[in-house]
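Encoded as structure tokens, the structure appears first; notes follow it.
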Amino acid sequence: MRRNTNPADEPRMVREKETVTAMIRIFCRGRHGSDGELCAECESLRQYAMRRLERCPFGPDKPACAKCPIHCYKPQMQERIRDVMRFAGPRMILRHPLLAIRHQIDAAKPATRTPPGGP
Ligand code: SF4
Ligand SMILES: [Zn+2]
């Protein structure tokens, strides 16, 4: 059956956006002392991550970004998101248990070698 929805609106992609946003919030609160609003640096990282997800060539069948064969982030942003993951990863299960569990399930799926329509 044909799907008419925008891939960015698929539940998996919505969940990925929620998870990344939650992790950046945890990181910003812990590292930058933010309370509610993200600091400008973290907000720019969040927006960058949202754009990457919206343009992800794998769409809803994406691997976990950490296992991705493409790694579409530019190196500086990749380093920043890794910092976020290292800090927020262990804290997610307490703050957002459902998102954390779903993320573990998604991350356990094997990475697709080439994106749909790729070589
Ligand atoms: S790192 Fe890979 S999975 Fe993550 S958004 Fe970029 S292309 Fe998609
Ligand atoms: Zn911050």
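Quick look at the values:
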| item | result |
| --- | --- |
| Pair list, Cβ under 7 Å, 6 or more apart: the stretch 62-79 residue closer than 14 Å to Pro110 by Cα and among the hydrophobic types (A, V, I, L, M, F, W, C), other residue assigned to a loop (DSSP other than H, G, I, E, B) and open to solvent by less than 40 Å² (accessible area, probe 1.4 Å) | Cys68/Ala111 |
| Unique residue being more than 16 Å from ligand 2 (Cβ to nearest atom) and either at negative phi or in contact (Cβ under 8 Å) with a residue 60 or more places away in the chain (or both) when the list is Glu18, Glu43 | Glu18 |
| Helices (runs of 4 or more DSSP H) (entirely within the stretch 14-119) containing at least 1 residues that are at pLDDT below 95 and among the small types (Gly, Ala, Ser) | 75-95, 97-108 |
| Counted residues, the stretch 5-20 - those being open to solvent by less than 20 Å² (accessible area, probe 1.4 Å) and either farther than 17 Å from Pro63 by Cβ or hydrophobic (A, V, I, L, M, F, W, C) (or both) | 3 |
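The values are calculated or read from the model by the stated rules, or taken from the named source; none is laboratory data. All values reported here derive from a predicted model rather than from experimental measurement. Virtual Cβ from ideal backbone geometry, glycine too; neighbours counted across all protein chains shown. Protein only, heavy atoms only, side chains kept; ligands, DNA and RNA dropped before computing areas. Shrake-Rupley method; radii C 1.70, N 1.55, O 1.52, S 1.80 Å.
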